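Read the figures in this text as sums done on the coordinates, not as results from a lab. Owing to the predicted nature of the structure, the values given are computational and were not obtained by experimental measurement. A quick note on method: Cβ atoms are made from the backbone with ideal geometry, for glycine too, and the neighbour counts reach across all protein chains shown.
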Amino acid sequence: MSSASHASENVGLSVSHLVIQYGDITAVDHVSFTAVSGRVTVILGPNGAGKTSTIEACEGFLAPTAGSVQVLGLNPYLQRKQLNRQMGIMLQEGGIYPSARVGELVKQYCALYGNGVDADVLISRVGLESVISTTYRRLSGGEKQRLSLALALAARPQVIFLDEPTSGIDVNGRDLVRLIIRELRNDGCCVIVATHELDEAERIADDVLIFHRGNIVASGTLDDLRSGREEIRFRSNSTVDLHSLSTTLGFPVEQTRLHEFTIAGTSDARVIVQLTDWAKANNVDIGDIGAGSQRLDDVFRRLTAESAS
Amino acid sequence: MKLLRTQLACELRVLARNGEQLLLILGIPVLLLAFFSNVDVLPTAGQRGVNFLLPGIVALAIMSTAMVSLGIATGFERSYLVLKRLGATPLGVPRLVLAKALSVVAVEIVQVILLVALAYLFGADLDALNLAKLVLAIALGTLAFSGIGLSLAGRLRGEVNLAAQNALYLVLLLIGGIVFPLQEFPSWLHWVGRISPSGALADVMRDVFSGTSIHGASSLVVLLCWAITAQLAAFKLFRWN
C-alpha cells in the first residue's frame, strides 16, 4: 500500500499531504498514502479519527483545505464527472429513498452508470432476488447493506469505496460480501474499505491504514503491522497478581479484557512453561494459552493509545 | 437524454407513491374548488363562486407542487443522503435539477387540466382565458415557489423542513387571497397579501382567466421579483449534503 512497498504497481488512489479543516477544527492533518488497484485497503480508526473526511475527499464530496487527492489519475473534486463513471461508493447508511423498490433502484443505477451491468444478474449476485419488489424501508439491515453494495457494483467500478460493508449483516451475508470484495480485487479494482470491525478487517485486508486524531498512525500489510509484536495470551478466572507474574517472567503482563491476559513481547515456549509453573505455585487456574503475533485489535488498541499519549 | 429520462421516471414514481404529496397537490385544490364552487359561503367579490375560485386554486396548485411537494421531497432526499448518493453517479447536478423541474411541470400540467375541466363542469366561464399568459404565470410562479421551497429544503432538517413548508403553505394560502378576496382583509393585511408570492400569482391568474388587466403589470412585476429573489436564495442557500 505504501508507495515504497508497491511502487511498481498500479496506483488507484493517491493522497498527498491532505489537510481538511472545518473552521478551526483540523479533521485531517497532512495525511499521505496510496492504495493499489487489485488490492483491498482497509481504513481503520475510532470515531473522529478523520477517516470519513478522508474518504469523502477521495469520493469528491469534500474539497481539500490543502494537499491533493488523485483517484484513477483524476482530481475527484474537479473531475468528478469523469470519475463518477468508474467509481462505486457504498455509504454507511441511507442514500436511498425509503419508498423505492429494490428492482427499480438497481435498474435505475445500472441505467445511470451505463456500463453494461445487467440489473437482474446484479440482484442475484447480492442475493436480493426474493425482495425485488420490496421497498427500501421494509428491508432488513443486512438487505439494505447488500442493496447499497449492488448500487456501487452497478458502476462496474475500477475503484470502490465501501463504508462499513458488513455492518448489520448476518453470517451468510458477510460471506457473500467478502466473496464480492475478493472478486473485485481479483478483477483489478482498487478496493477501499472503512470499518470499525477489526475482525472483518483481518479477514479481508491486504493493506491497512490506522487513523487516529487526523493522522495515520500505522500503515502496511497485516503482517507488517503485526511483525515484531509477539505475545502469549491466556485466560484465567482467578485473580492474577500482574506484578508478581511480570517479575517472574521478565515480560510485561496486562489484562486485555475480562479474564483475558497478555504477556507482551514474546511467544517463546520457555516462557509458557514458566507461566504454568508460576500458576501452579500460586494456585491460579489458567487456560486457553496461545502464542503468536498480536491480533489486529491489539495492534489497533496499542497504536491509538500510543498516539493519544 | 437516457439519464434524464431514467431520473425523471424515478422522480415521478417516487411522487406517485407518496400519498401525502398526492393529497396536497391534487386532493386539496380539487376539494376546495369543488366544495366552495357549490357551497355559497365565501365572499366572491361579486362573481360566481367558481369564476372567483378557479384562478386562486390554480395558483394554490402551483404553490403546492413547486414549493411544498418539491421542497419536502428534496428536503427528505437530502436528509436520507439520496442526493449525495446520486451525486456520485454520472447523472450530474444539471440533469438532476432538470429532472426535478420536468417532474414539477408534468404535475402542474395535470393539475391545471384537471382543475380547469372541473371548473368547466361547475359552470366556469373560460371564454376569456389567455393561454400564453397562463403559461407565463405558471412559469414565474414555479420559479418563485420552487426557489422558496428549495431554500428551506437546502438548510433545514427533514422534519423541520416538513413543518416549515406546511406552515408557510397555510400562511400563503390565507393571506394570498386564494379563497377569500383580498378586499375583505384589513388594509395592512391587504397589502401584505398583494406583495406575497401567493397573492401576486393569484392576481396574475385572475387577469389570465378573466382576460382583463385589473391588476395591471404590478402583480406580474411582484411575481417576477419573487421568482428572481427566490431562485437566487435557493442558489445561495441550498446544500446537497
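Values for this structure:
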read-out	value
Relative packing of peptides B:193-202, A:178-187 - highest average C-beta neighbours within 10 Å first	B:193-202, A:178-187
Prolate/oblate/rounded call for the range A:114-164, Cα gyration tensor, a/c under 1.5 rounded	oblate
D_trans [Stokes-Einstein, Kirkwood Rh over alpha-carbon pairs] for the range A:127-278, 10 °C, 1.306 mPa s, µm² s⁻¹	84 µm²/s
Peptide B:11-23, shielding by other chains (average Cβ, 10 Å cutoff)	2
Over the range B:47-131: Kirkwood hydrodynamic radius from C-alpha pairwise inverse distances, Å	14.9 Å
Rounded if a/c under 1.5, otherwise prolate or oblate - the range B:164-207, Cα gyration tensor axes	oblate
Reachable lysines from B:K2, criterion Cα separation under 30 angstrom, eight or more residues apart if same chain	A:K81, A:K107, A:K144, B:K84, B:K100, B:K236
Shape category assigned to the range A:149-210 from the gyration tensor of Cα positions, a/c cut at 1.5	oblate
Acute angle (nearest 10 degrees) that the helix B:218-237 long axis makes with the longest principal axis of chain B, alpha-carbon atoms	20 degrees
Mean residue ellipticity (222 nm) of the protein assembly as shown, computed from DSSP H runs ≥ 4 via -39,500 (n - 2.57), nearest 500	-16000 deg cm²/dmol
0 to 90° range, to nearest 10: angle between helix A:171-186 axis and chain A longest Cα axis	70 degrees
Antiparallel content of DSSP bridges confined to the protein assembly as shown, in %, to 5	65 percent
Inter-part distance where the range A:115-163 and the range B:112-164 are each reduced to a Cα centre, Å	38 Å
Sequence of B:V105, B:V82, A:V102, A:V171 once ranked by neighbouring C-beta atoms within 10 Å, starting from the fewest	A:V171, B:V105, B:V82, A:V102
Helix B:93-121 vs. chain B, principal-axis angle (Cα, 0 to 90°, nearest 10)	30 degrees
Burial order of peptide ranges A:129-139, A:103-113 (average beta-carbon count within 10 Å, highest first)	A:103-113, A:129-139
